[in-house]
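Presented below is the structure to which this report refers.
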Amino acid sequence: MVQYGSLPTIGLCVQLTSIELFNEPIAWVNLCNRSVETSYMTSPVAKDTTLTLGNGVKVGDFEFDGITKWYGLPENLSLAYDNNYFTFNYIGITQKQSKKVKYQYKLEGIDENWSAITSRTEAPYGNLPQGSYTFKVKAMNSEGYWSKEFTYGFTIRPPWWETWWFRTIAVAFVIALIITYIKWRERKLKREKIILEEKVKVRTAELQQANEEITTKNETLNQQNEEIRVQRDEISAQRDLVTHQKDEITTQRDMVTKQKEYIEEIHKDLTDSIHYAERIQRAVLPSEEYIREILGMGERTSGRVGESEKAIYGSLPITDYRLPITDYFVLFKPKDIVSGDFYWLQIRKQWLFITVSDCTGHGVPGAFMSMLGVSFLNEIVAREDINTAGGVLDELRNYAIKALQQSGKDTEQKDIPSLASAVKDGMDISFVTLNLKTNILQFAGANNPLYIIKPDPQGHLKADPQGHVTEDYRRGNGTGSNKGDLAGQLSEYGVLAGRSLIEIKGDKMPVAIHPAMESFVNHEIKVNTGDLLYLCTDGYEDQFGGPRTKKFMSKRLKELLVKTCPGMFQQVKSMKEQKEILDKTIEDWKSYINPETLKPNEQTDDITVMGIKI
């Protein structure tokens, strides 16, 4: 049924202009028997409606009472269940500023509420189930006045197997089948009863003969029972002794059980505490939503982040510079419930800070160190007087030494560690700073390297005998022994399938007290579109496994990055695919049976690998 909407007082009305099936217009007037047409096509009789649309879809089996006067729409339209992909086209008619007309629509039977206000003049609906529907649309002019609703009703018929007559036939068939089965079962039981009666007669005769044999054996058993009674008395005396010993064992068992339950309760409390610590550590680490938002790959919501990140990092800073990062992944695999590894991102003005760190140990001690590291980094990058990656690590080392009270001097006081023990507490870290204005990347490392895979279809990125590389990648600004040059620090691993891996090695000292205590070298390098950056801890390369139960080693990791992750013929895999490859590779490496334990190898250390695509 079609009802027209209009509002004469404001000169605005809305009209349904056409109904499309499967995104193809239908000439409904051509589906009517023209030999019986009346004035204005108001009461034609439907003829064969089967037709093939322009996109190759075959439709048909329409039923409708007539065609409307002006736009030729079918009245009381009824369609087969598989003709259920509609597009309603409508238009608002007004006397002025027709381009500013807005619309709302809904399909009763599917939509509970009106759609959002839109300027589109079409409403698509697909895969509608069987039932009766009413499409409603209304228009609003530039002055904010709404027209009356235009309504159009139609029906989608159910398939034949869901009709009442089919279900009636199916029920009747099932009833007939049950009755037939009951009759067949009755005849079978009668036959089995006759056979059973014959078997009972034969069995009865056999039982009578067996009873006679049993009587004879009972006499023999009575004699044996007398002998058994004498032996039973002897056993009873031994049983009393065993019972006494059993009582003593039960008392000891109850004591052990109570101790076991007490230990299990303590273990549960400790485990619950560690799991809660895991929740706290997960809240400190940046979530995927926060990372995507800070890298510009998510939708910004007025600079707001989740409650957990907001409590740690504050409101997300807004930068005026376009972030060049198009994709990333983080492979984070703690050895225990909580981890000594952590990853961290922050942005300040035109600077993007990224780090992957390995704190001393793993589990709860490492988690405490990671919490300190995140807190210190948030304080350091907020300062305006530190503007290099090497400077950040220098200041982070000062914070760590002060927080851990590391002195580096031998002393007799038990609460102050000596240099031998103090150097065990600290962090190995890869720290990257990216200038969003210039795409200049700064790197400083403490025992951990930075891997860069660059497009190199001609194989030009090759180091000379002195370790120098092409001029475009030799920008050095270090403050240590290799200031101004990456020779000895920057080494190309290999060229394969048009891509080269460059390794920038970190300084051989941790972020902690150390005999050398030199400033961390600050490296600068220009990054370009297509470059892949990888920051990782040593957990991946130190994992034991393989057929000989050896470490994975950094050589295999670099081969994996060059050969497997970048793909062939410069077709770089997505960050998600690279993460899956890295994860599957290390899990397969661990799964080899250790000949000493006869079990798969356990995880050796916390594992963290971060990949970033420019």
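The values are calculated or read from the model by the stated rules, or taken from the named source; none is laboratory data. All figures in this text were calculated on a predicted structure; none of them were measured in a lab. When we count neighbours, we look across all protein chains shown, and the Cβ atoms used for this are built from the backbone with ideal geometry, even at glycine. For the accessible areas, the whole protein counts, side chains as well, though only heavy atoms, and no ligand, DNA or RNA atoms are used. Shrake-Rupley method; radii C 1.70, N 1.55, O 1.52, S 1.80 Å.
Cα centroid separation, segment 91-134 to segment 572-598: 52 Å. Listed by chain and number, the lysines whose C-alpha is less than 17 Å from the C-alpha of residue 201, apart from same-chain residues fewer than 8 away, are 193. On the basis of the beta-carbon distance and an R0 of 45 Å, residue 250 and residue 287 show a calculated FRET efficiency of 0.25.
What size of dipole, in debye to the nearest 20, comes out for segment 336-384 about its Cα centre when the only charges are +1 on Lys and Arg C-beta atoms and -1 on Asp and Glu C-beta atoms? Spell out each step's value before the answer.
Details: 3 positive and 5 negative charges, 55 e Å.
Rounded to the nearest 20 debye, it is 260 debye.
Rolling a 1.4 angstrom probe over the protein heavy atoms with all chains in place gives segment 517-614 an accessible area of 49 Å² per residue.
Bridgeable lysines around residue 508 (alpha carbons under 22 Å apart, same-chain partners fewer than 8 residues away excluded): 402, 409, 424, 483, 551, 555, 558. Close amide H pairs (under 5 Å, H built 1.01 Å from N) link residue 356 with 430, residues at least 5 positions away or on another chain. Between residue 53 and residue 113, the modelled labels are 3.0 nm apart [label points 7 Å from Cα along Cα→Cβ].
Annotation note: trypsin sites (Lys or Arg not before Pro) in segment 326-370 located in DSSP loop regions with a Cβ neighbour count of at most 15 within 10 Å are 349. For the set 509, 517, 140, the ranking by accessible area, highest first and with no ligand, DNA or RNA atoms included, is 517, 140, 509 under a 1.4 Å probe. Accessible surface ranking for 235, 110, 452, 1.4 angstrom probe, highest first: 235, 110, 452.
So how much slack lies between residue 599 and residue 240, counting 0.36 nm per residue of separation and subtracting their Cα-Cα distance, in nm?
Numbers: separation 359, 0.36 × 359 = 129.24 nm, distance 4.67 nm.
Residue separation times 0.36 nm, minus the Cα-Cα distance, leaves 124.6 nm.
A Förster radius of 60 Å combined with the Cβ-Cβ distance from residue 576 to residue 232 puts the calculated FRET efficiency at roughly 0.20.
Full extension of the chain segment joining residue 142 with residue 405 gains 87.6 nm, where the gain is 0.36 nm per residue of separation less the Cα-Cα distance.
At an R0 of 22 angstrom, the distance between the Cβ atoms of residue 587 and residue 555 translates into a FRET efficiency of 0.65. Assuming charge only on the beta carbon of Lys and Arg (+1) and of Asp and Glu (-1), the dipole of segment 503-608 about its Cα centre is about 400 debye to the nearest 20. Here the gap between residue 528 and residue 196, fully extended at 0.36 nm per residue and compared with their Cα-Cα distance, gives a gain of 110.4 nm.
Quick one: Cα convex hull volume of segment 45-183, Å³ per residue?
Values: hull volume 23.0 nm³, N = 139.
With only Cα atoms used, segment 45-183 gives 166 Å³ per residue.
Partners of residue 268 within straight-line reach, counting lysines whose Cα lies under 20 Å from its Cα and excluding those fewer than 8 residues away in the same chain: 258, 260, 335.
Percent of accessible area on segment 134-289 owned by carbon and sulfur, 1.4 Å probe? Write down the numbers at each step before the final one.
Values: 7750 of 13100 Å².
Result for segment 134-289: 59 percent of the exposed heavy-atom area is carbon or sulfur.
Phi angles of segment 327-334 translate, via the Karplus equation with coefficients 6.51, -1.76, 1.60 and θ = phi - 60°, into HN-Hα couplings of 6, 7, 8, 10, 9, 10, 10, x Hz per residue; Gly and Pro are given as x.
Just to make sure I understand: if all protein chains stay in place, what is the order of 344, 160 by accessible area at 1.4 Å, largest first?
Numbers: 344 0, 160 140 Å².
The ranking, largest first, comes out as 160, 344.
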